[in-house]
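Heads up: the structure comes next, in structure tokens.
The values are calculated or read from the model by the stated rules, or taken from the named source; none is laboratory data. Everything numeric here is computed off the predicted structure, so don't read it as measured data. Methodologically, a virtual Cβ is constructed for each residue, glycine included, from the backbone with ideal geometry; neighbour enumeration extends over all protein chains shown. Keep in mind that these areas ignore ligands, DNA and RNA; they rest on the heavy atoms of the full protein, side chains included. Shrake-Rupley method; radii C 1.70, N 1.55, O 1.52, S 1.80 Å.
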Amino acid sequence: MAIDKFGRSISYLRISLTDHCNLRCVYCMPEDMTFRPNAELMQDDEIILFTRLFASLGFHKFRLTGGEPTVRANIVELVQQISDTPGVQSLTITTNGILLSKLAEPLAKAGLDRVNISLDTLDPEKFRRLTRWGNLEDVWAGVQAAEKVGLTPIKINAVVVRGYNERDVLEIARLTLEHPWQVRFIEMMPFAGATDLQINQVVDWEEMFQRIDSAHGPLEIVDGGKLDGEARLYHLPDAVGNIGFISSVTKPFCATCNRARLTADGRLRLCLLREKEVDLLTPLRAGASLDDLREMILEGIWHKPWGHGLEQGIIPLNRVMNEIGG
Ligand code: SAM
Ligand code: SF4
């Protein structure tokens, strides 16, 4: 079992399948983003080997992310092999949904359990502005396909950015009146000059809460405020779905963090918002044994940082979101 020096047991791995993406969300990457050459990314057999290694260390929850994981060639075969790996109990994906209308069915058949779909607005023009060229209809078709094939409960992730979509929280929250989805509003994490956005464009969860509560509320707390993953859940009167707030910036959930990340270029990233990483891919390619790699993982996890330093103004500079995997 992988434990850190604060006694947290780490059993959830988010694997970034690629840093490439078919969108360019303003809060995630610059418009002229250049991606890594494929040879620098983990190859399929390397991803499977790392999955087995982490599963042998007690990791049982796995999420595929990116960049956009669905643009990875062989995504369906990868999902099949990861879900067949002994010890993998839950396999989910975070996607922008653009390609999901075609992929939902084969992914579900391959063993995917659920999807989180990113959707920041229901207004096609604003969607285009936020993603720089995305077509909202494609995402909507993806959400419906995912629901049809049982990749449920559907979770919708909306990053809220001042000047872009802070008013759209109302319409998105209303989705829970008709759909049994979990709609989660996420505080934008500022990534220095790497994106166009600044810290004063962060909309904190209390502002989002107030907007929704006064328009459609009262919002009732679910499960006494117990976190569901990183989200604190609420419920609108007569809603069939739930509303979650992910307050990574103003009210972090580091004390209960159970996760580690594997970047698309094979680095073990110990905290989303800290630069510390352990390179696993270079030693693997240089012939390190599985035992050596296991030791590197356990040692890295032991030194997992307690939490991020956003309140002290410490922002990670070595990577932006698409390279880490969100
Ligand atoms: N491309 C996929 C997607 O958009 O769902 C998966 C990768 S994306 C990096 C993972 C999640 O991170 C998405 O929900 C996205 O909205 C979120 N995200 C990206 N940049 C962010 C930022 N600066 N602050 C907060 N969340 C961010
Ligand atoms: Fe691509 Fe996801 Fe980043 Fe948007 S948030 S640019 S969809 S990786």
Within the stretch 1-98, DSSP-loop trypsin sites (Lys or Arg not before Pro) with at most 15 other C-beta atoms within 10 Å are LYS5
To the nearest 10 degrees, the tilt of helix 205-216 (Cα long axis) against the first principal axis of the alpha carbons of the chain is 40 degrees
Between the modelled labels at ARG167 and SER56 (7 Å from Cα along Cα→Cβ) the distance in nm is 5.7 nm
Looks like the stretch 4-52, by Cα gyration tensor root eigenvalues a ≥ b ≥ c and the a/c under 1.5 rounded cutoff (else prolate when a/b is bigger than b/c, oblate otherwise), is oblate
Once GLN80 and SER289 are pulled to full extension, the length gained, defined as 0.36 nm per residue separation minus their Cα-Cα distance, is 72.7 nm
Asserting the computed 222 nm helical MRE of the chain (DSSP H runs at least 4 long, -39500 (n - 2.57) per run, divided by residue count, to nearest 500) equals -9000 deg cm²/dmol
Reduced to Cα centres, the span from the stretch 240-303 to the stretch 154-224 in Å works out to 26 Å
Computed over the chain: longest principal axis from alpha-carbon atoms vs helix 100-110 long axis, angle to nearest 10 degrees, is 50 degrees
Carbon plus sulfur, as percent of the 1.4 Å-probe accessible area of the chain, comes to 51 percent
Once SER90 and TRP306 are pulled to full extension, the length gained, defined as 0.36 nm per residue separation minus their Cα-Cα distance, is 75.2 nm
For the stretch 20-101, listing GluC sites (Glu not before Pro) in a DSSP loop whose Cβ sees at most 12 other Cβ atoms within 10 Å gives GLU31
Expressed in nanometres to one decimal, the distance between label points 7 Å along Cα→Cβ at ASP44 and ASN200 is 5.0 nm
To the nearest Å², the heavy-atom accessible area per residue of the stretch 12-323 with 1.4 Å probe amounts to 42 Å²
Contour minus Cα-Cα span, ARG36 to LYS276, at 0.36 nm per residue, comes to 84.4 nm
Per the Cα gyration tensor, the stretch 18-109 corresponds to an equivalent ellipsoid with semi-axes, largest first in Å, of 24, 16, 12
Probe 1.4 Å, all chains present, heavy atoms only: MET33 accessible area in Å², nearest 10, is 30 Å²
Hits in the stretch 136-178: amide N under 19 Å from the 7 Å Cα→Cβ extension of ASP238, namely 170-178
One finds, for GLN144 and PHE253 with R0 = 22 angstrom and r their Cβ-Cβ distance, a FRET efficiency to the nearest 0.05 of 0.10
Computed over the chain: longest principal axis from alpha-carbon atoms vs helix 136-148 long axis, angle to nearest 10 degrees, is 70 degrees
Averaging 1/r across every pair of distinct alpha carbons in the stretch 12-323 and inverting yields a Kirkwood hydrodynamic radius, in angstrom, of 20.0 Å
